[in-house]
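The values are calculated or read from the model by the stated rules, or taken from the named source; none is laboratory data. In this text the structure is predicted, and so the values were computed from the model without any measurement. No Cβ is skipped: glycine too gets one built from the backbone with ideal geometry, and neighbour counts run over all protein chains shown. For accessibility, only protein heavy atoms count, side chains too; no ligands or nucleic acids. Shrake-Rupley method; radii C 1.70, N 1.55, O 1.52, S 1.80 Å.
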Amino acid sequence: MLDLQRLRALHAVAVHGTVGAAATALGYTPSAVSQQIAKLERETRTVLLEREGRGVRLTDEARQLVRTAGELMAIVERAETALEERRGVPAGRLAVAAFASAARGLLPPVLADLARRHPALDARLTEVDPHLSVDLVAKGAVDLAVAHDWDIAPLPAPAGVEQAVLGDDLCDLLVPADHPFAGRDGVRREELGGERWICQPPGRVCHDWLVRTLRAAGHEPDLVHQAEENPTLVALVGAGLGVALIPRLGRGPLPPGVVEVPLDPMPVRRLYALWRGGAARRPAIAETVRTLREHWPRVAGTPAADETAEAAEGVGTGAVGAGVSRP
């Protein structure tokens, strides 16, 4: 009989692309994942992974097994959801994915609150890119994700993925203290031409938003420094090396030498919680979404999500951001 945990390990490699990434998502070591798949190969008398450069490639037999594993995992999820719903208490393991600033600025108090109030719930966080997290939810690799989109870059979600709005994260223009914009009450987007920009690398939502917004205002951005983490971007601004547009969530207090200036109109990104429709009745999902919405105003300093979206108990499906306007 095939072992479900070994099938889960193979499924994770297929979803995440590497043994190391699968191990991170499952909370195992890469060696443990490799051992699970090696045992599965012996049980099935089939080669499942082949070396390809420094990584691995799934064989055709492995891909067939992955499809079966996905079906079995969905059945198990439905059974677990039914049991948890019957008990009416959040319980079991909950895999949560969140983008970097949400993982830093929102999830720590949420996870601590859940652990204190629901000791039978084992919520585990993985930091991932927002676009990747939606796909991970759809494939069953994570149970719930916190993702975001921008006004000109809606975040699509496949059929079967439900969503609830958590709130809007405001974004400010950060400039060195001796910059001509420092001390002003606001700056129009049309005034941003000729600035030296500090931003995230290409492919990141924030980078793409910045480039598209500046070009829409008639400016070709001069991207002089690029870094993954917002604290690094802030430090570069503090050194007088350029200006940056950085959301408030997870940003922390600004260091000396960095000034926050409102941009007119102010950029906004919208945060969502996403999960598979089949798990919508699971108390762990409902309680985690409720706790996310409860903590959002405290960490963002913005109106509660209840003022801008449906309650978590009555959310819809489809494209995230569809029909959503921004201030």
May I ask what percent, to the nearest 5, of DSSP beta bridges between residues of the range 42-133 are antiparallel?
-> 35
Under the rule of -39500 (n - 2.57) per DSSP H run of 4 or more residues, summed and divided by the residues of the chain, what mean residue ellipticity at 222 nm is obtained, to the nearest 500 deg cm²/dmol?
-> -12500 deg cm²/dmol
Chain lengthening between R51 and D122 when straightened (0.36 nm per residue, less Cα-Cα) | 22.1 nm
Calculate, for the chain, the solvent-accessible area per residue in square angstrom, rolling a 1.4 angstrom probe over the heavy atoms of the protein chains.
-> 47
From the phi of every residue in the range 125-133, what ³J(HN,Hα) in whole Hz does the Karplus formula 6.51 cos²θ - 1.76 cosθ + 1.60 yield, where θ is phi - 60° and glycine or proline is x?
-> 9, 10, 8, 9, 5, x, 5, 5, 5
Enter the Cα centre distance for the pair the range 89-148 and the range 216-238, rounded to the nearest angstrom.
-> 28
State whether the range 162-268 is rounded, prolate or oblate according to the following rule on the C-alpha gyration tensor (a ≥ b ≥ c being the square roots of its eigenvalues): a/c under 1.5 gives rounded; otherwise a/b larger than b/c gives prolate, and the remaining case gives oblate.
-> rounded
What does the charge dipole of the range 1-55 about its Cα centre add up to, to the nearest 20 debye, if the Cβ of each Lys and Arg holds +1 and the Cβ of each Asp and Glu holds -1?
-> 60
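Quantify, in whole percent, the carbon and sulfur part of the accessible surface of the chain (1.4 Å probe; protein heavy atoms only). It would help to have the intermediate numbers written out before the result.
Details: 8010 of 15290 Å².
So the carbon and sulfur contribution to the accessible surface is 52 percent.
Checking a compactness column here: for the range 1-132, what do you get for Rg(Cα) / (2.2 N^0.38 Å), N being the number of residues? Could you put the intermediate results ahead of the total?
Details: Rg = 16.7 Å, N = 132, 2.2 N^0.38 = 14.1 Å.
Against the empirical 2.2 N^0.38 Å value, I get 1.19 for the range 1-132.
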One computes Rg over Rh for the range 115-195 from alpha-carbon atoms, with the Kirkwood Rh, and obtains 1.15
Amide H to amide H under 5 Å from I246: which residues, 5+ apart in sequence or cross-chain, H placed 1.01 Å off N in plane?
-> D172, L174
What the 20 Å binned alpha carbon P(r) of the chain shows, as percent of pairs per bin from 0, is 29, 51, 19, 1
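So, by mean Cβ neighbours within 10 angstrom, what's the order for 290-297, 226-233 with the highest one leading? Could the numbers behind the result be given before it?
Numbers: 290-297: 20.0, 226-233: 16.2.
Per-residue Cβ counts within 10 Å, averaged per peptide and sorted highest first, yield 290-297, 226-233.
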Subtracting the Cα-Cα distance from 0.36 nm times the residue separation, let me have the gained length for A227 to D208 in nm, one decimal.
-> 5.5 nm
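Mean separation of Cα pairs under 8 Å and 6+ residues apart, divided by the residue count of the range 115-165: what relative contact order is that in percent? Can you show the working numbers first?
Working: 27 pairs, mean separation 14.1, N = 51.
The normalised contact order for the range 115-165 reaches 28 percent.
Rounded to the nearest 5, what is the percent of antiparallel bridges among the DSSP beta bridges in the chain? Don't skip to the end; give the middle numbers.
Working: 30 of 47 bridges.
That works out to approximately 65 percent antiparallel.
Please state, as a whole number in µm²/s, the translational diffusion coefficient that the Stokes-Einstein equation yields for the range 73-128 at 4 °C and 1.567 mPa s, with Rh defined as the Kirkwood radius across alpha carbon pairs.
Numbers: Rh = 12.4 Å.
In µm²/s, the coefficient is 105.
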Dipole of the range 93-164 (Lys/Arg Cβ +1, Asp/Glu Cβ -1, origin at the Cα centre): which of V142, A102, A123 lies farthest to the positive side?
-> A123
